[in-house]
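We did not get these values from a lab; they are worked out from the coordinates using the rules stated. As the structure is a prediction and not an experimental result, all values here were calculated from the model. Virtual Cβ from ideal backbone geometry, glycine too; neighbours counted across all protein chains shown.
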Amino acid sequence: MDLEDRATSNNRVRVYFVDGVPAQSSARYRVFNALEQLRTAGAEGVLLPQDYDADRAFSGHRGGAGVLVIHRAPWDEKLAALIEAARAHGIRILYDIDDLVFEPIAIPWVRALSRMSESEIDLYEDGVRRYLRVLRSCDAVLTTTCALAKYAAAEGVPAFVHRNALDQRSLDTARAARQARQRRDETILYYGAGTATHGGSCISTPLCTWWRRGMCTWGTASMHLKPE
């Protein structure tokens, strides 16, 4: 029995996911961790393959509550066909977005653009417009912060905050490490930046504030390194 069959074997809510950025870290938090959360809550989660066939994606859906979550996928004909197929099956559609990449007015403030060529900037701006088109085509939006939710709601789409969380394995590992550690007087801070747009400038100000207030004795920061 495959995932699609399991998703239709009972009356539980079935949630289908489309991952628009399978090679990026956000897929872990917004897709795979969400699937784990759904299983814990007693719902069924189905991750559609990257080469999904829109005409067959919901062929096993036999009615009942269904939701399609589109994570950070830009508009194209294939996704448009999937959205149409979901609506034909009575499935509600949510757009999941974890960054302000759907708001054209914010483009001038994207620091990464300063390192891009004109063709790369054109490609980025086209992506923003395509993200926005998907957002406007959905029934509601899931975001990671209240600020993002406000921007999404300004487009006339209901927006809800579902924050990033750790998976159960990470939580178990952290608890075990915490129980085994020796008590120390210093507090260690770690900042991991997965992209070039989230470098040391994002953490330097709060880190200095914590130092001045005596909240930590030293800190460490991990920066994104771009291979040459």
* Between the alpha-carbon centers of region 61-90 and region 36-54, tell me the distance in whole angstrom. => 13
* Which residues' amide hydrogens lie under 5 Å from the amide hydrogen of Val141, considering only partners 5 or more residues apart or on another chain, with H built in the peptide plane? -> Tyr95, Ala159, Phe160
* To do: Output ³J(HN,Hα) for region 104-117: one whole-Hz value per residue in order, computed from phi by the Karplus curve 6.51 cos²θ - 1.76 cosθ + 1.60 with θ = phi - 60°, and x for Gly and Pro.
  => x, 5, 8, 4, x, 9, 7, 5, 5, 5, 5, 9, 9, 7
* Asked: What is the fewest-to-most order of Phe17, Phe58 by other Cβ atoms lying within 10 Å of their Cβ?
  -> Phe17, Phe58
* Once both labels are modelled 7 Å past Cα along the beta-carbon direction, what's the Ala180-Arg28 spacing in nm? -> 1.9
* To do: Would you grab the residues whose amide H sits under 5 Å from the one on Val46? Only those 5+ places off in sequence or on another chain, please, with H modelled 1.01 Å from N.
  => Val15, Tyr16, Phe17
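Can you sort Val67, Val46 so the residue with the fewest Cβ neighbours within 10 Å comes first? Present the calculation step by step, with values, prior to reporting the outcome.
Working: Val67 19, Val46 22.
With the sparsest Cβ surroundings first, the list reads Val67, Val46.
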* region 3-161: relative contact order in percent, alpha carbon pairs under 8 Å with at least 6 residues between -> 21
* **Exposure proxy ranking, count of Cβ atoms within 10 Å, fewest first, for Ile121, Ile105** => Ile105, Ile121
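GluC sites (Glu not before Pro) within region 111-189: which are DSSP loop residues with at most 10 other Cβ atoms inside 10 Å? Walk me through the numbers on the way to the answer.
Values: sites: Glu118, Glu120, Glu125, Glu155, Glu186; in loops: Glu155, Glu186.
Hits after loop and neighbour filter: Glu186.
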* Structure fact -> With a Förster distance of 45 angstrom and the Cβ-Cβ distance between Ser114 and Lys78, calculated FRET efficiency to the nearest 0.05 equals 0.90
